[in-house]
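Have a look at the structure below before the remarks.
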Amino acid sequence: MPTCPNCGKVTPQADATYCSYCGSSLQQAPAPSSFRSQPSQTTYRVGGSLNPNLAERYERALKRAERMVTVLLILGVVTLILLFI
């Protein structure tokens, strides 16, 4: 399994051309000065050839955030009710 030259993570697919974590190409090596010393400069092109599962990951993250907001609102209301009882 290939290791990403940008983020250093091992990709789950042996024939992957792009990293499933950061989206950078697995075919080219980064410049020696930029390896892990700077944050990833990844361009996210949803629907493009850079990272095809990025849209799916983004949608899942949005759903998780919406659930978290709902839970926090419910906890806040319950806390206010308990404070005034």
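The values are calculated or read from the model by the stated rules, or taken from the named source; none is laboratory data. Every value quoted in this text rests on a predicted model; they were computed, and no experiment measured them.
For segment 18-33, name all the residues that are modelled with pLDDT under 80 and either part of a loop (DSSP other than H, G, I, E, B) or over 16 Å from MET1 (Cα atoms) (or both).
Answer for segment 18-33, where residues must be modelled with pLDDT under 80 and either part of a loop (DSSP other than H, G, I, E, B) or over 16 Å from MET1 (Cα atoms) (or both): SER20, TYR21, GLY23, SER24, LEU26, GLN27, GLN28, ALA29, PRO30, ALA31, PRO32, SER33.
Among ARG36, ARG64, which is more than 19 Å from CYS7 (Cα to Cα) and either of a type in the set (D, E, K, R) or at pLDDT below 75 (or both)?
Details: ARG36 fails: more than 19 Å from CYS7 (Cα to Cα).
From the options ARG36, ARG64, the qualifying one is ARG64.
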